[in-house]
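Worksheet for the structure shown next.
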Amino acid sequence: MLTDLAEPETTIVAMPSPPPPPSADRDAEQALVARAQRGDVAAFETLYRANAPRVFALSLRLTGNRADAAELTQDVFVHAWQRLTSFRGEAALASWLHRIAVNTLFMRARGEHRRAARVRFTGEEREDDAAPVEQGTVPPVDVAQAVDLERAIAALPPGARRVFVLHDVIGYRHEEIARLTGLAEGTLRAQLHRARRLLMEALQR
Amino acid sequence: MTRNEHIDLERLSDFVDDRLLGDDRDAVQDHLASCLSCASHLARLQSLLEAAHALPDEIEPPPAVWADVRERLPRRAPSRQFPQRWLLAAAAVVLVVLSSTVTALLVRRQPVIVATKVAPAVTVASMQLPPPARSIDAGYAVAIRQLDEALAQRRAELDPATIAKVEASLNVIDVAIAEARRALADDPANRTLLDILAANYEHKVELLRRANELLPRT
């Protein structure tokens, strides 16, 4: 699994991705990619300008705040530059960047989870990636100020937010999310139900 | 679930995700048909999912993000695969021809007209090429056309021997380009061939640019 995360181009399962650009745009994009692959930073900046808003939107929804989203967006493009020669142009660049963003986030989340696990007392559960959450045991979430869906999504607990964004905003299937997150199917469904319930409550106020 | 028992959100979620089968699904459908409260709950859930799906795909990042990315980019070019020996040799031949041409042009010696005989290039249609090769073709087409036109307009101002030398070198490069394109049509996934194709185009642009620089300033 970690190989998939480190090498997004090796991902086997088809993932939802942005629609492909028109063929003329695609040709122009590939010309820019070819230049960037040869080390042309100006070409890479043009690719950044065209793709960063989409990567940032995804990053913002997955992380829930602008500072983390900006950092994730940076990581995505630095990683893309480093791996650009492995980009074969079979898919649109936006799809490739999309996979890097999702993989980078979950690699980071797993690293944080492992670090947290080392200092956690025995029996103490982490809030966001915990086992299935039963109705009535949801930790209090501050969604009082949520006045629209974006803000309500940002206010969700991290685990529930990521599953909701991947499933209901982007359109990943359960098995794809399970593979990315390492969550069991039951846990994943519980997180999704939890996110939907919290959002419906927040938006009803 | 009895007919009077309301459907909880988890079950409704599974229902809208099409994860209920057979009797389970029929029971939920029957209940929804007769329970306004659950039907309303379902409508709210569906409305939430439609709104989530309709969120904008793009949000402009803070302007500082590119500056930070630029700062973190390694100074070297992205790593590349090492070309095969025969391809290196082919590239070296092109470089030797170019170097001697450019040197001759720059020192303005009376060049010897070299009647370079090269095999006619095998033409490969653009559609036979993999997309990355087509994009390399397209990426250099404009620059080459402009430099070609500029040189053609003032061709008479150059020494005929110099023109002959330039054309001979261009001919060699064009053959190398055609050979790389033909090889890519046979082996579309070969990244080294893409590198060679791009390098040959670079050489062509460089030679045309140098030739244009030799023209007297107007």
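List the residues of segment A:31-48 for which accessible area in the full set of protein chains is at least 20 Å² lower than for the chain on its own; 1.4 Å probe, protein heavy atoms only.
Residues shielded by partner chains are A:A31, A:A34, A:Q37, A:R38, A:V41, A:F44, A:E45, A:Y48.
Extension gain B:D24-B:E149, at 0.36 nm per residue separation less the Cα-Cα distance, in nm? Can you show the working numbers first?
On the way: separation 125, 0.36 × 125 = 45.00 nm, distance 7.36 nm.
Here the answer is 37.6 nm.
Counting only other residues whose beta carbon sits under 9 Å from that of B:W66, what net charge do I get with K and R as +1, D and E as -1?
Working: positive: A:R49, B:R70; negative: A:E45, B:D68.
Spelling it out: positives minus negatives among the neighbours equals 0.
Using a probe radius of 1.4 Å on protein heavy atoms only, what is the accessible area buried between chains A and B, both sides summed, to the nearest 100 Å²? Present the calculation step by step, with values, prior to reporting the outcome.
Numbers: alone 11020 and 15220 Å², together 21780 Å².
The A and B chains share an interface burying roughly 4500 Å².
How high is the FRET efficiency between A:D148 and B:A138 when r is their beta carbon distance and R₀ equals 56 Å, given to the nearest 0.05?
Numbers: r = 43 Å, r/R0 = 0.77.
Efficiency, from the Cβ-Cβ distance: 0.85.
Pulled fully out, how much extra length does the chain show between B:R44 and B:E60, if you take 0.36 nm times their separation in residues and subtract their Cα-Cα distance? Mind dumping the intermediate values first?
Details: separation 16, 0.36 × 16 = 5.76 nm, distance 2.99 nm.
Contour length minus the Cα-Cα distance gives 2.8 nm.
Grab the other residues whose beta carbon is less than 10 angstrom from that of B:L20, score K and R as +1, D and E as -1, and report the net.
Values: positive: B:R11, B:R19, B:R25; negative: B:D14, B:D17, B:D18, B:D23, B:D24, B:D26.
Once all neighbours under 10 Å are counted, the net charge is -3.
Report the extension gain between B:R209 and B:S126 in nm, rounded to one decimal, defined as 0.36 nm multiplied by the number of residues separating them, less their alpha carbon distance. Working shown, then result.
Values: separation 83, 0.36 × 83 = 29.88 nm, distance 2.52 nm.
Value of the extension gain: 27.4 nm.
The values are calculated or read from the model by the stated rules, or taken from the named source; none is laboratory data. All of these numbers come straight from a predicted model, not from anything done at the bench. Neighbour counts are summed over all protein chains in view; Cβ atoms, including those assigned to glycine, are modelled from backbone coordinates with ideal geometry. Just the protein is used for accessible areas: all its heavy atoms, side chains included, with ligands, DNA and RNA removed. Shrake-Rupley method; radii C 1.70, N 1.55, O 1.52, S 1.80 Å.
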